[in-house]
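The values are calculated or read from the model by the stated rules, or taken from the named source; none is laboratory data. A quick note: this is a predicted structure, and the numbers were derived from the prediction, not measured. Because the Cβ atoms are built from the backbone with ideal geometry, glycine has one as well, and the counts that use them run over all protein chains shown.
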């Protein structure tokens, strides 16, 4: 058989494994759309299928499709097979007793009484960081008007750029407040803040943050406020996906004003009106075809051109906790290392390609690394799953879980540091600080002991809107 036949066979094999896994999670385990396992399977498929399917249909190099495509063709089916074979390990770890017991040992945050304080503190602090970040651009507005080019200004200033996601966390505490008080003013203020922040990310072309924000809000609303109907969610999700495709296709740099953004976008839209596949370009030549290329590249190169790292990359990931301003010579991330190694461009230019989460496992330990990575993800998300079930809609615990689950798609398109450093640094740390501030001065401790494993096993998720009064502060 030729390469195309093997690619097609591998895609069928992947679906033969992934579809029953999805049915098992939804039908047997009664998982909803926002369950971590469902989110994982959806985004995993979105990252695995597009590149092999495109390679089967055409060998044309276009958009973000790798220039090494022809070299990788013999290894694409192996990468797809390997991903499919390792998938049962994810489910085994996800529903394991180990994940359940570990989740039971994690404490839950109390609601707190200072519900406005986290919004004010995190909001002011985030804006302070962003003002410092934009100091060389004559103000925050001018920095945002740099558009997509702002990313080059952020490089090396991650300790200040964290103000972007922290500003969103600050606004999310308005929704947290609404979940507790159910006052429409809190919801209105959140909507206003959310729209403004989305507008900021729209200007700088950061689709990843817009998607992350939308997922986090939907998750929090579904588990802490009111379950979202699937039909409404599907319609909204489709419209959002199409809109973000257009945003990614039209984003540019150096706007002269806010009005110039709309003028430039409208002009670009008209010029590209005949562009083939514009509405779905992320699935054909854009974001979703990039990360998976790194796995067949590792299969091709490790052992011949590159020596197995035997865990060294994970040790280097720990160093990424140190801000680059304090440690300028810290090792480059794998995205930048990959770009240097296979494309010959330096990471100092802030150039990189997303590194598929299984690729780092193969780079270190070969196929065993792939299996270990998939199992590790299963255990991690299984802990989140059981922790969320035991929370029974308590807004503090739901907030932490929502931010974690929404990060899944960014973790799949990144190396170990994405979850190990990126998630705590960009989201969880701000959320925990906010929860601590909300509880500051209270006579009770912020963290309370979670339910026992037996309680979690017997627990049936209670819809938040029907939960009895005082449930969030129980225990």
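Across the stretch 358-369, which residue is farthest from residue 82 (Cα to Cα) among those that are part of a helix (DSSP H, G or I) and either over 20 Å from the mean Cα position of the chain (by Cα) or modelled with pLDDT under 95 (or both)?
In the first step, residues of the stretch 358-369 are kept if they are part of a helix (DSSP H, G or I); the result is 358-365, 367-369.
Narrowing further to those that are either over 20 Å from the mean Cα position of the chain (by Cα) or modelled with pLDDT under 95 (or both): 362-365, 367-369.
Values: 362: 10, 363: 14, 364: 15, 365: 14, 367: 8, 368: 10, 369: 11 Å.
In this case the residue turns out to be 364.
Within the stretch 319-342, can you find the residues that are closer than 25 Å to residue 361 by Cβ and in contact (Cβ under 8 Å) with a residue 60 or more places away in the chain?
320, 321, 333, 334, 335, 342
Failed condition for residue 332, given (1) outside any helix (DSSP H, G or I); (2) under 19 Å from the mean Cα position of the chain (by Cα), with all others met?
All conditions are met except number (2).
Return a yes/no flag: does the stretch 335-344 have any residue that is closer than 24 Å to residue 85 by Cα and in contact with a helix residue (DSSP H, G or I) (Cβ under 7 Å, 6 or more places away or on another chain). Talk me through it step by step, then tell me what you get.
Step one: of the stretch 335-344, the residues closer than 24 Å to residue 85 by Cα are none.
No, the stretch 335-344 has no match at all.
Restricting to the stretch 165-195, name every residue that is within 25 Å of residue 392 (Cα to Cα), surrounded by 18 or more Cβ atoms within 10 Å (Cβ to Cβ) and in contact (Cβ under 8 Å) with a residue 60 or more places away in the chain.
Result: 169, 170, 172, 173, 176, 177, 179, 180.
So residue 43 passes all but one of these: (1) in a helix (DSSP H, G or I); (2) in contact with a helix residue (DSSP H, G or I) (Cβ under 8 Å, 6 or more places away or on another chain); (3) more than 18 Å from residue 291 (Cα to Cα). Which condition number does it fail?
Evaluating residue 43 over (1) in a helix (DSSP H, G or I); (2) in contact with a helix residue (DSSP H, G or I) (Cβ under 8 Å, 6 or more places away or on another chain); (3) more than 18 Å from residue 291 (Cα to Cα) leaves (3) as the failure.
Please indicate, with yes or no, whether at least one residue in the stretch 54-68 is farther than 30 Å from residue 3 by Cβ, in contact with a helix residue (DSSP H, G or I) (Cβ under 8 Å, 6 or more places away or on another chain), touching a residue at least 40 places away in the same chain (Cβ under 8 Å) and surrounded by fewer than 16 Cβ atoms within 10 Å (Cβ to Cβ).
No, every residue in the stretch 54-68 fails to be farther than 30 Å from residue 3 by Cβ, in contact with a helix residue (DSSP H, G or I) (Cβ under 8 Å, 6 or more places away or on another chain), touching a residue at least 40 places away in the same chain (Cβ under 8 Å) and surrounded by fewer than 16 Cβ atoms within 10 Å (Cβ to Cβ).
Just to be sure before I move on: is residue 101 in contact with a helix residue (DSSP H, G or I) (Cβ under 7 Å, 6 or more places away or on another chain), under 30 Å from residue 436 (Cβ atoms) and modelled with pLDDT under 90 in the structure I sent?
No: the conditions fail for residue 101.
Please list, ordered by first then second residue, the pairs with beta carbon atoms under 8 Å, 6 or more apart or interchain, first in the stretch 15-42 and farther than 11 Å from residue 385 by Cβ, second surrounded by fewer than 14 Cβ atoms within 10 Å (Cβ to Cβ).
33/230
Residue 409 - would you say it is buried (at least 21 other Cβ atoms within 10 Å of the Cβ) and touching a residue at least 12 places away in the same chain (Cβ under 8 Å)?
Answer is yes for this residue.
Cβ contacts < 7 Å: first residue on the phi < 0 side of the Ramachandran plot and at pLDDT 75 or above, restricted to the stretch 225-251; second residue in a helix (DSSP H, G or I) and exposed (fewer than 14 other Cβ atoms within 10 Å of the Cβ), any location; separation 6+ or different chain. Result?
What qualifies is 226/465.
As an exercise: evaluate residue 393 against (1) in a helix (DSSP H, G or I); (2) surrounded by fewer than 24 Cβ atoms within 10 Å (Cβ to Cβ); (3) in contact (Cβ under 8 Å) with a residue 24 or more places away in the chain and give the number of the one condition it does not meet.
(1) is the only condition that residue 393 fails.
Restricting attention to the stretch 23-40, report how many residues are surrounded by fewer than 17 Cβ atoms within 10 Å (Cβ to Cβ) and in a helix (DSSP H, G or I).
5
Looking at the stretch 293-329 only, could you name the residues that are under 30 Å from residue 6 (Cβ atoms) and part of a helix (DSSP H, G or I)?
293, 294, 295, 296, 297, 298, 299, 300, 301, 313
Could we say that residue 355 is within 17 Å of the chain's Cα centre (by Cα), assigned to a loop (DSSP other than H, G, I, E, B) and within 24 Å of residue 153 (Cβ to Cβ) here?
Yes: the conditions hold for residue 355.
Run residue 436 past the list (1) assigned to a helix (DSSP H, G or I); (2) touching a helix residue (DSSP H, G or I) at 6+ places or on another chain (Cβ under 7 Å) and report the number of the one that doesn't hold.
Unmet for residue 436, out of (1) assigned to a helix (DSSP H, G or I); (2) touching a helix residue (DSSP H, G or I) at 6+ places or on another chain (Cβ under 7 Å): (2).
Out of the residues in the stretch 424-440 meeting the condition of being within 18 Å of the chain's Cα centre (by Cα) and surrounded by fewer than 21 Cβ atoms within 10 Å (Cβ to Cβ), tell me which one is nearest to residue 377 (Cα to Cα).
The qualifying residue nearest to residue 377 (Cα to Cα) is 424.
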